[in-house]
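Read the structure below first, then the notes.
The values are calculated or read from the model by the stated rules, or taken from the named source; none is laboratory data. Quick caveat: nothing in here was measured; it's all calculated off a predicted structure. Neighbour counts are summed over all protein chains in view; Cβ atoms, including those assigned to glycine, are modelled from backbone coordinates with ideal geometry. Just so you know, the surface numbers come from the protein's heavy atoms only, side chains and all, with ligands and any DNA or RNA stripped out. Shrake-Rupley method; radii C 1.70, N 1.55, O 1.52, S 1.80 Å.
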Amino acid sequence: MGLLAGCCFGLQAQSLQLRDDHPETYTVRKGDTLWDISGHFLRSPWLWPRLWQANPQVANPHLIYPGDVLTLIWVDGQPRLVREGRAQSGVVRLSPRVRAEAAVATIPLASIASFTDGYRILEPSLLRSAPYILGDQQGRVVMVQGDRIYVRGQLEPGRLYGVYRPMESLTDKFSYAELGQKAALVGSVTALQREGGDVTRVQVSSLKQEMRQGDKVLPLASGDAIAAFYYPRPGPTLDNAYIIAMGREGSTAGRHGVVFINKGAAQGVSAGDLYPVLKPGPGIYDYDDSALNQLTYYESASRYLRNTGPAERLPAAEVARLMVFRVYDEVSAALVLDGQDLVRTHYPLGTLHDAGLRP
C-alpha cells in the first residue's frame with residue numbers, strides 16, 4: 001500500500017495532458033495493458049493511476065477485461081475513464097466481476113516472466129570458479145533429460161541446481177568496468193552423490209535447450225520471482241546511462257523486448273523506474289556557401305556538402321520508453337514498453353519529462 005500511495009502522491013503534482021489524437025471511447029482488446037490503454041489517451045502513460053482514479057487502499061481496483069468499452073469523461077476539469085453502461089454522474093469505480101478471462105494487467109508481465117525464467121546476470125568471477133558439466137560415461141558432450149552425468153565440483157546430494165551457459169560480458173564503455181556477465185539457463189540437474197576427487201554425479205532433471213560440456217552449475221536463483229504489480233514512474237537522472245546489451249541474442253529490441261542498462265542499485269535505480277531511449281542524431285556536413293559559389297549548376301547538384309573537418313551531430317530523438325524490472329548492483333534489466341522504432345545497443349537513456357514520448 002505504501003508504494004502505490006507514495007506513487008500516487010508524487011503524481012498529483014503533474015497535470016494530465018491528453019494526446020492530440022486521443023479517442024473518445026476505446027474497446028479493450030486481448031493483450032492490452034493499462035499502460036497501453038492509458039497511452040492511447042495520455043502523453044504520459046505512467047500517470048495512469050489518476051486517469052483510473054486508483055484507490056491506494058485496494059490492491060487491484062482497476063479490473064477491466066477484454067471487450068469492455070471505456071469512455072473518456074471530465075470530472076472537475078480532469079479527464080477520467082469509465083466503463084460504458086454505468087452511471088456517469090461522477091467517477092465510476094471499476095469494481096471486480098466474475099469473468100472467465102484474465103483482467104488487464106498494468107504492464108506485460110508475461111514478457112518479464114519469460115525473460116526471468118531464462119536469464120541471469122552473474123559476477124564474472126563466480127562463473128569462472130563455478131562447477132561445470134564434464135560429460136557421461138560414454139564420453140558424450142551433449143546431454144539429454146534423464147541422463148546421469150558428472151560435474152567437476154562438489155555439490156550437495158539431493159539438491160536441485162541450475163545449469164547456465166555464460167554469454168556476453170557487460171563492460172561499461174565509459175568507465176571500462178566489468179559490470180557482470182549474462183548467463184542463459186539451459187536446464188537443471190539434481191546432485192546424486194560425490195565421487196572420488198572433485199567430481200559429483202548428477203541427473204539431468206529438465207532441459208530448456210541442449211546441455212553441453214562446460215556449462216556452469218549453480219544454485220537456482222531464489223530471488224528471481226517477479227513482482228505481481230509494477231507502478232511505473234520517472235526514474236532519477238543518470239549520467240552516461242545507455243543500453244549495454246539485449247536480453248536475448250542480437251543487437252535490437254522492439255516493444256516488450258528486454259534490454260540491460262549500465263546502471264543499477266549502486267546508482268539509485270529501482271524496479272519501476274522509467275527512462276526514454278534516445279536514438280543518436282546522424283552526423284551531417286553543413287552547406288558550404290563559399291564552395292557553392294565556385295561550382296557550376298550541375299556540380300552543385302551533386303557536390304553541395306562541405307566534406308572537410310568533423311561532421312555535425314544532430315540532436316538525439318526519443319524513440320521508446322523502458323521500465324526497469326530487475327535491479328542488480330551495477331546493471332538493470334528493463335522492458336521496452338512502447339516506442340516508435342527499434343532500440344539498439346549503445347543507445348543512450350534520457351530523463352522523462354511531463355510531455356512524455358511525442359506522438
Mind checking which residues of segment 114-137 are within 19 Å of GLY180 (Cβ to Cβ), within 29 Å of the chain's Cα centre (by Cα) and not in a strand (DSSP E or B)? PHE115, THR116, ASP117, GLY118, GLU123, PRO124, SER125, LEU126, LEU127, ARG128, ALA130
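Among residues belonging to segment 148-163 that are of a type outside the set (A, V, I, L, M) and open to solvent by less than 10 Å² (accessible area, probe 1.4 Å), point out the one that is nearest to ASN262 (Cα to Cα).
Residues of segment 148-163 of a type outside the set (A, V, I, L, M): 148, 150, 152-154, 156-159, 161-162.
Add one more test, that the residue is open to solvent by less than 10 Å² (accessible area, probe 1.4 Å), and what stays is 153, 162.
Details: GLY153: 32, GLY162: 26 Å.
The extreme case among them is GLY162.
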For segment 334-359, which residues satisfy the criterion of being crowded, with 20+ Cβ neighbours inside 10 Å, modelled with pLDDT of 95 or more and out of contact with any Leu (no Cβ under 7 Å at 6 or more places or on another chain)? VAL343
Those residues that are more than 15 Å from SER38 (Cα to Cα) and either aromatic (Phe, Trp, Tyr) or modelled with pLDDT under 85 (or both), I need them from segment 52-73; list them, please. ASN55, PRO56, GLN57, VAL58, ALA59, ASN60, PRO61
Note on segment 128-147: residues free of Cβ contacts under 8 Å to residues at least 24 places away in the same chain and loosely packed, with under 14 Cβ neighbours inside 10 Å are ARG128, SER129, GLN137, GLN138, GLY139, ARG140
